[in-house]
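As structure tokens, the structure follows; a few thoughts come after it.
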Amino acid sequence: MPQHPSAKPFATIGDARTNAMASAGAVRMDAGRAGVPTMRRRMLQFGLALGTAMVLSTQIAGQAHAQANTKIRFQLDWRFEGPAALFLLGEQKGYFKAEKLDVAIDAGNGSGNVVNRVASGTYDMGFADLASVMEFYGNNPDARNKPIAVMMVYNNTPAAVLTLKKSGIKTPKDLTGKRLGAPVFDAGRRAFPIFAKANGLQASGFNWQAMDPTLRETMLTRGDLDAITGFSFTSVLNLNARGVKDEDIVVMPYPQFGVKLYGNAVIASEEFLKKNPEAVKAFLRAFAKSSKDVIAKPEEGIKAVKARDGIIDEKLELKRLKLALDSVVKSPDAKAEGFGRVSKPRLSLMASQVADAFGTKGRIDPDALWTDAYLPSAAELDVLR
């Protein structure tokens, strides 16, 4: 319904100041006619008008600030460890604030949980393994607020099979008949059927033992298991912390044994994308800038992680960060496809592999769960040098 020309929906700062000036003029006129009592009354009115102007000024400034700074609740896939520097350095340097974002970054406890929490609206965005996103799509085709991957970070999965040299296991075929273990939600364990198929093994022939993540490497060093699956840069460092030297560890990274799965990506909920497209673009710009700084100076990135978790071992986490950067962020595939981007044929193959390996209820449409529409410019994504 059209608004009447004389209607004013709300007072502006200018209106309040005009009223205050008018009251001041009345004070001068009445002072000459009615004397001091009238002048005092007018001064009181002037003070009230001026106070109104100040309140309105504060309210409008607050509204402008709220409009300018979009809040984003973001969850990482894991604890504040070395790789978290990719996000935390940008937070520390104010890159997100410079983009008019108010970003709260929380630690996580597994990609599957991140996916569910973004889908539920508990978080607006997150960092999660793409296979977990695909599994959600395969099992929840009618979900109203699905997570969408908007930027690839780990171009290759960090999943690997790890064992000790003394076990005599050197190749995938040596795993036959051996005791394997990992947490039930571990990305490597979930994708093991793909690894097995690529290397001529029968995935159904393996017996797995589950445990809490904190016990995985301990059980391997104690001899309770012959091999484990895990993120290479996590398990190698955890074995080091338990006294195992690098030369005594055998690592079989999935990408080097025929498994070309993507790893972790930045994800956002459908609802948040629809309501705040520019904020998502701004977040990815700030993140790309932060990643470039971390790649150039990993030590600086670890300082940012230390600021969030004061008890970390900086030397250990620096090694973890460098392993992650070299193996999955700056990998040959990442350099070929470009930081942040994916190859559509490779993405489609992964969707088919995940549906088969995870036994999802339905097939997975890769075009539904990935978009590059929010990525920064090619110049801003040039971070791998």
Closer than 30 Å to ALA368 by Cα and among the small types (Gly, Ala, Ser): is that true of GLY258 in this structure? yes
So GLY301 passes all but one of these: (1) open to solvent by 50 Å² or more (accessible area, probe 1.4 Å); (2) within 24 Å of MET125 (Cα to Cα). Which condition number does it fail? (1)
Being open to solvent by 20 Å² or more (accessible area, probe 1.4 Å) and not in a helix (DSSP H, G or I) is the filter here; which residues of the stretch 183-200 pass it? VAL184, PHE185, ASN199, GLY200
Filtering the stretch 144-169 for residues that are open to solvent by 30 Å² or more (accessible area, probe 1.4 Å) and over 21 Å from LEU323 (Cβ atoms) leaves a count of 4
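Return the only residue of LYS306, LYS292 being open to solvent by less than 70 Å² (accessible area, probe 1.4 Å) and either at negative phi or not in a loop (DSSP other than H, G, I, E, B) (or both).
None of the others qualify; the one that does is LYS306.
Mind listing whichever residues of the stretch 230-285 are of a type in the set (S, T, N, Q) and open to solvent by less than 10 Å² (accessible area, probe 1.4 Å)?
Across the stretch 230-285, the qualifying residues are SER235, ASN264, SER269.
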Reported set for the stretch 210-229 where residues are part of a helix (DSSP H, G or I) and open to solvent by 30 Å² or more (accessible area, probe 1.4 Å) is THR214, LEU215, THR218, THR221, ARG222
Leading residue by the ranking (nearest to PHE231 (Cα to Cα)) among those in the stretch 329-385 that are among the basic types (Lys, Arg) and out of contact with any strand residue (DSSP E or B) (no Cβ under 7 Å at 6 or more places or on another chain): LYS330
Which of the numbered conditions does LYS361 fail, given that it passes all the others? Conditions: (1) closer than 20 Å to ALA191 by Cα; (2) surrounded by 14 or more Cβ atoms within 10 Å (Cβ to Cβ). (2)
Return the pair list, or none, for Cβ contacts closer than 7 Å from residues in the stretch 108-119 that are within 20 Å of LEU88 (Cα to Cα) to residues that are assigned to a loop (DSSP other than H, G, I, E, B) and open to solvent by 40 Å² or more (accessible area, probe 1.4 Å), at least 6 apart or on different chains. GLY108/TRP78; GLY110/PHE185
Considering only residues that are acidic (Asp, Glu) and either open to solvent by 50 Å² or more (accessible area, probe 1.4 Å) or within 19 Å of the chain's Cα centre (by Cα) (or both), which ones fall in the stretch 318-336? ASP326
Exactly one of ASP372, ASP367, ASP382 is loosely packed, with under 15 Cβ neighbours inside 10 Å and without any contact (Cβ under 8 Å) to a residue 24 or more places away in the chain, and that residue is ASP367
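The values are calculated or read from the model by the stated rules, or taken from the named source; none is laboratory data. These figures come from a predicted structure and were not determined experimentally. FYI the Cβ positions are ideal-geometry reconstructions off the backbone, even for glycines, and counts take in every protein chain you see. Side chains are part of the model used for accessible areas, which takes the heavy atoms of the whole protein and leaves out ligands, DNA and RNA. Shrake-Rupley method; radii C 1.70, N 1.55, O 1.52, S 1.80 Å.
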